[in-house]
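Every number here is computed from the coordinates shown, using simple stated rules; none is lab data. Since the structure is predicted, the reported quantities are computational estimates derived from the model, not experimental observations. Methodologically, a virtual Cβ is constructed for each residue, glycine included, from the backbone with ideal geometry; neighbour enumeration extends over all protein chains shown.
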Amino acid sequence: MAIPAAPAISTEIPRPEYPRPDFERTDWLNLNGKWSFQLEDSAAEATQQGSGSDEAYAQRAGGAAALFDSEIQVPFSWASPLSGIGSDTKGVGWYRRAVQWKPSEEGANVVLKFGAVDYRCDVWVNGQHVGAHQGGYSPFEFDVTAVWQAEQENVIVVRAEDNDHDYQTRGKQGYGEIRGIWQPVWLESRPHTHIRQFKFETAIDGTVQLTTVIHAHEAGKAELELSFREGAVSHKAEWELEQGLNEHTTRFQVSDPQLWSPENPHLYEGALRLSGSFGEDVVHTYFGIREIGTAAFEGRDYRWITLNGKPVYLNGTLDQSYHATGYFTYPTDEEMRDEIYLMKRLGLNFVRIHIKPEEPRKLYWADKLGILVMEDMPCFWGNPDEQARSAYESEALEVIQRDWNHPSIFSWVMFNETWGLRTDGEAAGVTGDASQQRFYLPETQEWVRAKYKWAKELDPTRIVEDNSPCNYDHVESDINTWHFYLNGYEVVREHLEEVVQKTYPGSSFNYIDGNVQSDAPLMNSECGNVWGIQGGAGDSDLAWHYRYMLNEFRRHDKMCGFVFTEFRDVTNEFNGYYRLDGTDKKFGYEDFVPGMTIADLHTADFVVIDAPPCQTVEQGSTVAVSLLGSSYSDQYHGQQLRLEWELSHDDLGTRIVSDSGSLDVAWKGYGVSPLADLNPRMPQQDAVAVLGVRLLDAEGRVVTRNFITFDVRVAQDGDTDGEGTTIRIPVGDFREHSFEYMWDALQGAKVNGGGEGRFVYDVQLPGQEEMPFIRDIEVLFEAGAKHLLARNIEGERLNPDGTDYMHGASANVEYNPSTYYMTDEEMHSSRVSVWVDGEQVGQFVLMDDPADSRGVLSWHYQPVHNRLEEAGSYGYLCRAQVPGRLAASLNHKRSFQLELRAEEGGISLYGRNAGRYPLDLQVRCR
């Protein structure tokens with residue numbers, strides 16, 4: 001039976017699909033779309049609200065149309081552009097909708113359902129108050145049968161109050177505020193006796209336990225019939241019901257069970273049918289058979305996370321689930337589906353939904369397409385007082401109950417980075433280190449421990465984490481995670497070594513106030529270089545850092561996963577795999593190893609290159625490189641795999657392989673083990689050499705790829721070879737320039753000219769005695785366009801760290817000294833011409849001002865690790881041949897003026913220690 005079973009009501013309203021594919025009835029009416037609306041800020045509402053007897057308040061509650069002065073598109077936050085209001089105003093939003101609808105079955109109950117409303121909500125139908133709810137992220141419903149007029153128009157009024165109180169769960173709404181109704185609203189019918197709630201618990205042997213909560217209008221017999229996979233899986237149970245709520249459990253067996261995993265996300269789709277003298281209630285749903293756990297393997301004294309009894313390496317990302325126009329509400333179901341697709345195409349198998357529960361339909365696509373989900377509870381930002389605790393507890397219960405049946409969810413995270421847990425800790429900042437532990441009081445720690453145990457008791461089938469920490473302050477947890485944001489290969493390597501060495505049962509590291517580690521799995525739950533840079537990394541390349549960081553993760557047998565910050569850019573963070581609009585960033589790995597993508601860094605079977613991302617070596621030298629195998633899949637265990645490697649470099653546009661080899665490797669058990677030692681011989685010239693490795697299976701299919709680089713330097717840089725002489729001119733040695741904006745970078749190895757202008761160089765050719773006859777003259781250089789940033793024009797500005805940043809304060813990204821836009825789909829081109837003694841000899845279109853992993857030298861020669869200077873930037877190889885008639889003149893003259901002229905797109909010139917090619921501006925004479 002296909003999901004979704006319920007038909008979409010209309011394609012002319014936003015989000016027409018049934019909102020809950022895991023709990024779906026077919027007789028329903030979607031209430032998304034236009035509602036009448038009135039917005040009042042906090043001050044205005046305070047003067048009018050009174051006790052509820054105020055005349056205007058009562059008239060609005062009664063649905064007086066004249067008191068609603070605008071229209072809003074539901075289900076979008078009134079702060080978001082898609083709502084049609086677009087006002088980030090704290091206060092009260094009043095909604096009105098007139099609707100005529102009746103159930104298809106006469107006598108059925110009418111239920112009004114809300115996906116989520118932020119924060120306090122009251123609802124009236126036909127002037128009668130039908131209920132209230134508090135909590136911004138959890139669903140709720142009201143049975144409105146008693147006040148519903150089946151044959152007449154009904155008026156629904158919703159009052160939503162959102163004043164950003166300290167006790168409210170808000171998560172990271174600063175990117176775009178959730179205000180009022182922000183998830184779908186709908187009506188549906190059900191019989192008086194009906195299924196209220198159910199949960200599946202599955203085992204990999206095919207045993208399924210179903211616990212069902214039934215509301216019985218009156219006592220009597222009922223039959224529950226299960227039919228899944230078009231009847232291939234079926235089961236019946238009969239129960240005697242008492243009036244009111246009844247909880248019953250039944251078990252059934254699935255023969256030859258197809259297990260759910262990211263690689264094979266098999267779902268058993270079907271329905272539950274409750275029948276009796278009351279009629280029948282049919283709920284369409286699905287389940288996946290899988291088990292989540294932790295286990296120690298092969299004598300280890302530490303555990304890994306397991307899926308279906310086997311280790312799983314968690315390649316994950318942090319997802320803020322933010323949309324530019326809908327904020328935390330996706331405009332369409334297709335966009336939610338595509339979110340999961342975009343993760344999977346990167347080779348990721350896991351996502352952490354950050355400080356909020358995800359929309360049910362996006363969780364459906366995670367179930368359907370196959371990606372594991374770590375779901376956070378939303379945090380409050382004030383003190384952890386009784387009001388905040390009470391509000392949090394009720395909402396956390398509703399969230400877990402709503403999302404129980406999603407097989408993709410493997411973990412609940414109760415708190416993040418101690419947000420909301422620090423008493424009077426506003427001055428402590430947002431993230432930090434162990435020095436902030438003093439704000440995390442012992443009594444609060446015990447409350448967090450209690451919430452961890454509560455969640456474990458409520459849901460023993462999943463992993464529960466007390467607090468995803470940046471301050472080394474776990475209390476009690478199923479997984480031992482930590483956050484770090486550091487830049488620089490040596491810094492990252494040393495940090496990981498320290499964490500791994502301090503992780504063992506009984507260690508106090510990463511725990512607070514006498515609490516100690518168990519043998520819980522070690523994994524990272526936030527990482528990247530976004531905060532590892534003074535003032536933040538701005539909008540800069542992440543590909544270089546990402547590759548060596550993941551390579552270092554896989555060196556460590558204890559580690560079983562990571563969470564990279566983050567999936568997409570957001571309003572003031574620019575460290576996503578994708579731009580906020582979903583467009584690609586270019587990592588450039590394919591230019592190091594043919595066919596390589598970022599997905600190669602996420603393979604379950606991986607080759608670790610135990611070496612820096614780049615090292616300076618001498619020409620012709622032999623370099624020892626150790627390789628390790630890292631395996632978290634049994635797919636190739638016991639097989640002979642083929643390891644192929646080659647050392648290549650770009651010789652002025654021609655790819656040269658200077659050394660290569662292959663060997664058979666026995667791929668054994670889980671974890672990390674030595675694989676091979678290589679001794680590649682470096683080329684006999686200046687080069688950026690790439691050591692690329694590929695692991696192949698018995699059929700020659702690529703299992704994984706990886707690489708490192710070398711800056712190969714000639715011991716004594718001679719200017720003369722067998723064919724002629726090369727004149728090397730540092731790019732900063734120009735005689736004059738005419739750019740309005742000009743500066744150098746990377747310790748003078750790069751010069752930039754912004755806007756239209758020229759660089760002028762004086763070139764002295766070899767004398768008659770050194771080179772009696774010059775036949776050919778060629779000018780070579782590496783250049784890119786120059787996209788001017790605000791800081792290039794107005795100067796740098798650094799943003800202070802603090803809570804405001806997490807609440808959406810502007811990043812002023814173009815003023816950040818580290819910003820240098822990573823290569824993406826947006827191009828900034830320029831046209832550059834080459835002139836010799838006033839005559840044009842070449843012209844080039846420089847397609848972009850790129851920065852990514854291909855800018856090896858711009859990364860290798862960064863002056864310091866905690867500040868980026870045009871990191872990863874590089875250009876294009878430009879070659880201009882001087883025509884013969886002009887060469888004849890220069891053969892006699894032996895000097896000339898070289899001009900590099902740029903149109904309005906500007907120019908960046910790269911020298912020997914910058915960019916992609918290890919060359920200064922060169923004039924080659926033959």
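Here are some notes:
- When you restrict to C-alpha pairs under 8 Å that are six or more residues apart and normalise by the size of the range 438-507, the relative contact order lands at 19 percent.
- Ordering of 593-606, 72-85 by packing [mean C-beta count within 10 Å, highest first]: 72-85, 593-606
- Residues of the range 899-913 with amide N under 15 Å of a point placed 7 Å along Cα→Cβ from SER833: 899-906
- Other residues whose C-beta falls under 9 angstrom from the C-beta of TYR761 contribute a net charge of -2, scoring Lys and Arg +1 and Asp and Glu -1.
- Each Cα pair under 8 Å and six or more residues apart adds its separation to the average, and for the range 605-713 the resulting relative contact order is 37 percent.
- A simple charge model with +1 on the Cβ of Lys and Arg, -1 on the Cβ of Asp and Glu and nothing else charged puts the dipole of the range 194-287 at about 60 debye relative to its Cα centre.
- Separation of alpha-carbon centers, the range 473-507 and the range 312-336, rounded to whole Å: 27 Å
- Segments 340-346, 701-707 sorted - mean Cβ within 10 Å per residue, highest first: 701-707, 340-346
- The peptide list 747-758, 316-327, put in order of mean Cβ contacts within 10 Å with the highest first, becomes 316-327, 747-758.
- Part-to-part distance (alpha-carbon centres) for the range 904-924 and the range 548-607, which is given in Å: 28 Å
- Span from the the range 810-843 Cα centroid across to the the range 253-269 one, whole angstrom: 52 Å
- Rounded to 5, percent antiparallel among DSSP beta bridges of the chain: 85 percent
- A helix-only calculation puts the chain at -4000 deg cm²/dmol for mean residue ellipticity at 222 nm, using -39500 (n - 2.57) for each DSSP H run of at least four residues, averaged over all residues.
- Sequence-separation-based contact order of the chain, relative, with Cα cut under 8 Å and 6+ spacing, percent: 9 percent
- Cα-based helix-to-principal-axis angle, 386-403 vs the chain, degrees rounded to 10: 90 degrees
- Prolate/oblate/rounded label for the range 135-174 (Cα gyration tensor, a/c 1.5): prolate
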